[in-house]
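The values are calculated or read from the model by the stated rules, or taken from the named source; none is laboratory data. What you are looking at is a predicted structure, and each value in this text was computed from that prediction instead of being measured. Don't worry about glycine lacking a Cβ; one is built from the backbone with ideal geometry, like all the others, and counts go over all protein chains shown. Surface areas here come from the heavy atoms of the whole protein model, side chains and all, with no ligands, DNA or RNA. Shrake-Rupley method; radii C 1.70, N 1.55, O 1.52, S 1.80 Å.
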Amino acid sequence: MKWVCLFLCFFYAFSSKAKIPISIETDIYNYAQQVLGKESIETIEHFKHPHCLRDVVEFILVQKAIKLGGLELQYDFVLGDYDARNIRLIQHGLLLISFDSIWLNEASQYESDVYISEPVIRNGEFYAGIYVAPKRITELKPKLAQGISELSFVTSEAWHTDVKTLTELEPKNLVIEADWLVMAKMVSNGWVDAMLAPFKSALPFSYQGRNYHIQAIDGYKIALQDSRHFVVSKKHPLGKQTFDALQKGLKQLRQSGYIERAYRECGFLNPNVDTWQEIKPTQG
């Protein structure tokens with residue numbers, strides 16, 4: 001099956017009318033269609049929308065950059081749960097590019113197989129919130145005055161930057177769990193005190209779904225010391241061409257202020273927390 005997929009990948013790449021297969025999370029694709037509305041990839045300028053998450057911005061941003069860089073590609077979006085598989089597909093040339101950026105800490109592990117773009121999120125630019133069960137905010141907030149040493153946290157070992165950041169901040173306990181939904185339920189039920197998650201575009205910062213509800217403790221934030229990048233397969237026949245166009249387009253979007261504005265408008269880089277206290281590692 002691997003070699004069949006590889007053959008199809010090369011066939012698509014050299015067919016002028018063929019579309020490039022791109023795997024994308026189903027909900028992100030659907031949210032992106034809502035955010036775009038009547039706009040196109042070329043014309044969209046603003047991202048203030050309740051469903052505009054970081055992943056949605058990047059779904060649009062990567063396509064816009066490649067077009068600006070002078071390369072016209074058409075995509076065949078394959079919807080599903082692909083987060084854990086995309087990097088392996090890119091390594092083997094079975095996927096041209098991921099429309100979801102990854103931390104440099106992770107991307108560097110695959111640099112023999114992938115091209116790494118200029119950062120779309122620069123080092124230290126992203127702040128995460130400390131999310132807890134809403135009913136526990138009054139109890140837990142005072143404990144943050146001296147850092148996170150009195151709180152237990154849950155995270156995923158696949159999130160290398162989160163693990164590194166939390167380890168340096170020395171929480172009372174760090175629990176490892178693979179699934180985000182399970183983490184949210186653990187925090188919501190009070191089995192673990194807290195978890196890191198992005199801020200949304202508007203207050204109150206919370207995530208709610210079936211059997212879970214978590215909310216950020218106001219007034220505190222944690223900077224993740226890493227940058228985020230797009231990766232392009234070196235083994236895909238369109239890899240170098242796509243990477244060159246991507247780099248050229250990202251440079252234009254950075255210079256125009258488009259990249260930062262998009263992330264700020266969607267809430268990933270959130271102006272509402274500019275004055276919040278940053279929790280840093282204890283010196284000494």
*Per DSSP H run of at least 4 residues, take -39500 (n - 2.57); add these up for the chain, divide by its residues and hand me the 222 nm value, nearest 500 deg cm²/dmol.*
-10500 deg cm²/dmol
*So which of Lys141/Lys164; Lys164/Lys234; Lys38/Lys64; Lys19/Lys235 end up more than 21 Å apart by C-alpha?*
Lys141/Lys164; Lys164/Lys234
*For segment 159-284, what is the convex hull volume of the alpha-carbon atoms per residue, in Å³?*
172
*When DSSP assigns beta bridges and you keep just the ones with both residues in the chain, what percent turn out antiparallel, to the nearest 5?*
60
*Within segment 120-153, list the trypsin sites (Lys or Arg not before Pro) lying in a DSSP loop whose Cβ has at most 15 other Cβ atoms in a 10 Å radius.*
Arg122
*Would you mind calculating the gained length between Glu118 and Trp180 on full extension (0.36 nm times residue separation, minus the Cα-Cα distance), in nm to one decimal?*
19.6 nm
_Å² per residue, accessible surface of the chain at 1.4 Å_ = 49
*³J(HN,Hα) computed for each position of segment 205-220 - Karplus, 6.51 cos²θ - 1.76 cosθ + 1.60, integer Hz, glycine/proline x*: 7, 8, 10, 9, x, 5, 6, 8, 7, 10, 9, 6, 6, 5, x, 10
*Percent of C-alpha pairs per 10 Å bin, segment 161-231, short to long*: 16, 47, 33, 3
*How much of the accessible area of segment 39-115, probe 1.4 Å, is carbon plus sulfur, in whole percent?*
49
*Plugging the Kirkwood radius over Cα pairs into Stokes-Einstein for segment 27-87, at a temperature of 4 °C and a viscosity of 1.567 mPa s, what D comes out in µm²/s?*
103
*Kirkwood Rh in Å, taken over the chain so that all alpha-carbon pairs contribute*: 19.9
*Which GluC sites (Glu not before Pro) does segment 16-90 hold that lie in a coil by DSSP with at most 12 other beta carbons within 10 Å?*
Glu39, Glu42, Glu45, Glu72
